[in-house]
Amino acid sequence: MKKTVCSLVFFIGFTVFSQNKQVLYDFAELPQTLLLNPGAETNYKFHIGVPLLSGISTEVGITGFALTDLFLSDTRSINDKVADVLSQLKSRDYIKSNTQVEVLSGGFRYKDKTYFSFGFYEEIDAIGYFPTDIITLLNEGNAAYLNRNFSFSQLIYKVDALGVLHAGITKKVNNKLTVGGRFKVYSSSLNVETNNNTGTFTTTLGNNTIYTHYLDNINLNFKTSGLIENGEYVRDASTYIKNSFLGGNLGVGFDVGFTYHISKQLELTGSMIDIGFIHHKKNIKNSFVTGTYIFEGIEFLYDDTNPNYWGDINVAFKEKIARGDNNNSYISWRPTKINASLKHSFGEIRSKICYDNTHKDFYSDAIGIQLYSVFRPLRPQLEVTGFYRKSFSNKLHTKFTYTIDDYSFYNIGAGISGQIGKINMYGMIDNILQLHNITSANSTSLQVGINLIFN
């Protein structure tokens, strides 16, 4: 049980970032919105992101339980708390993670209707589903679960660390339609993943009350890239950072998006982000386990009084279950994201000076709905957000969101963007209602950044 607690805490601590940026999407013409929709409208001549500070985003996301379920101060023992958490988990519950840090970013206008943007950012993206069958088997054994099939197909996780070099173009087709695209070069410094596993473990009571165990159709695969070099684990963080600058395994991808004014006050936007892949062929180590095995007489329950327990089991398995390693290259697909929004603007009509020294009218208020989906190994993850935007002036904008997702039905977020001279600063936070006790929240996020914007 102690091992299980340590594993859960480590996993939670490692995966402290996630993906959707519902407050940032289509927010007050910030340059960073172009990374979420390359077809977003811009109203400036050029911009420069402050290196390493122009875009930083973090988020926590856990389904099935919260940290307080494990560490709440009450009369229950830690073993009881862990047991309660494990009993609540389902195989579709997960911990996902994403963080992005812009290293460099910029953009400039060309012939009024075209805007070019470019940059480089570091990203960590991870997701792990809870293999409830395997967790139950390791913690409770199989004696109480005769004739139950424990499935290894629930073992699904993926971790990516990479750098992304990108260049985009945004084109104003006419007064109603703006379209855009972005080309990306991925440089992976680390990939660890497993998916599409098969096989079951089943225990039955045979003759003379002897257990019979069936490992049936076992086919497990574990792929790694960048984790092992020259037969040793890479432990130097600088190596991963160096490989993310076009020094690791390379791939390509693209983004597409649009903004369309249905009427003067009604606006539709949409985008598809990270349609691409990475070809892993350097520092590869893949492991596999295949075979079918039937054995008798052992209750598959961990015995901490026998230090050779796993060794004894291992010797028996080696004779029947094939295991090995290889260095075969493989393809890893990026998690494609889809964004869409419908916005109705209203309120006070104001005027601002555009990049071509003309005046453009805009409304001080807007309400709307946003949709977000990301393709993940088990199933797409969906989120719906309602929002209200308030512009107090040409330089000060706010946005408030209400999101329904896998984590909760009451996620309220807020963001603010302000500009003093050429300096633009913004900050956004999510799940405000649970900030007073963050350990009870299933998700929270933060985005901050500083840009230089020249109108």
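So what is the 222 nm mean residue ellipticity for the chain from helices alone, if each DSSP H run of at least 4 adds -39500 (n - 2.57) and you divide by all residues, rounding to the nearest 500 deg cm²/dmol?
Values: 6 runs with 56 residues, N = 455.
Mean residue ellipticity, 222 nm, calculated: -3500 deg cm²/dmol.
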Legend entry - Most positive-pole-ward Cα, Ser391, Thr114, Ser225, against dipole of the chain from beta carbon charges: Thr114
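Quick one: which of 380-393, 118-131, 43-56 comes out on top by average Cβ neighbours within 10 Å, and what's the full order, highest first? Please report the intermediate quantities before stating the final value.
Details: 380-393: 16.5, 118-131: 21.1, 43-56: 18.9.
Order by mean packing, descending: 118-131, 43-56, 380-393.
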Legend entry - Per principal axis, descending, Cα span of region 59-159 in whole Å: 73, 36, 20
Inset, instruction - Over the chain, average the accessible area per residue using a 1.4 Å probe and give it in Å², no decimals. - result: 47 Å²
Legend entry - Cα-based Rg and Dmax for region 223-275, where Dmax is the largest Cα-Cα distance (Å): 20.2, 62
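Which entries of Lys281/Lys318; Lys343/Lys390; Lys223/Lys282; Lys81/Lys223; Lys223/Lys281 have Cα-Cα distances beyond 23 Å here?
Values: Lys281/Lys318 29 Å; Lys343/Lys390 13 Å; Lys223/Lys282 12 Å; Lys81/Lys223 33 Å; Lys223/Lys281 11 Å.
Over 23 Å apart, Cα to Cα: Lys281/Lys318; Lys81/Lys223.
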Legend entry - Matching label, percent of Cα pairs over 30 Å apart computed from the structure shown, candidates [x] 62; [y] 52; [z] 41: [y]
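Find how much the distance from Asn326 to Lys390 grows on full extension, using 0.36 nm per residue of separation minus their present alpha carbon separation; answer in nm with one decimal.
Difference between extended and current length: 17.4 nm.
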Inset, instruction - With unit charges on the beta carbon (Lys/Arg positive, Asp/Glu negative), name the residue among Gln419, Ser263, Val192 whose Cα is farthest towards the positive pole of the charge dipole of the chain. - result: Ser263
Legend entry - Dipole of the chain, positive end: most advanced residue of Gln32, Leu250, Phe201 [Cβ charges, Cα centre]: Gln32
Legend entry - All lysines inside 16 Å of Lys96 as judged from Cα atoms, apart from same-chain residues fewer than 8 positions distant: Lys21, Lys158, Lys337
Inset, instruction - Give, rounded to the nearest 20 debye, the magnitude of the charge dipole that the chain has about its Cα centre when Lys and Arg contribute +1 at Cβ and Asp and Glu contribute -1 at Cβ. - result: 1900 debye
Inset, instruction - Please get the size of the charge dipole for region 162-279, origin at its Cα centre, with Cβ charges of +1 on Lys and Arg and -1 on Asp and Glu, quoted in debye to the nearest 20. - result: 740 debye
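Can you give the alpha-carbon Rg of region 353-429 over 2.2 N^0.38 Å, where N counts its residues?
Working: Rg = 16.3 Å, N = 77, 2.2 N^0.38 = 11.5 Å.
The value comes to 1.42.
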Inset, instruction - Just order 155-166, 398-409 by mean Cβ neighbour count inside 10 Å, highest at the front, would you? - result: 155-166, 398-409
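The values are calculated or read from the model by the stated rules, or taken from the named source; none is laboratory data. This structure is a prediction, so every number in the text was calculated from the model and none was measured. As a convention, Cβ positions derive from the backbone with ideal geometry for all residues, glycine included, and neighbour counts pool all protein chains shown. Heads up: the accessible areas ignore ligands, DNA and RNA and are worked out on the full protein's heavy atoms, side chains in. Shrake-Rupley method; radii C 1.70, N 1.55, O 1.52, S 1.80 Å.
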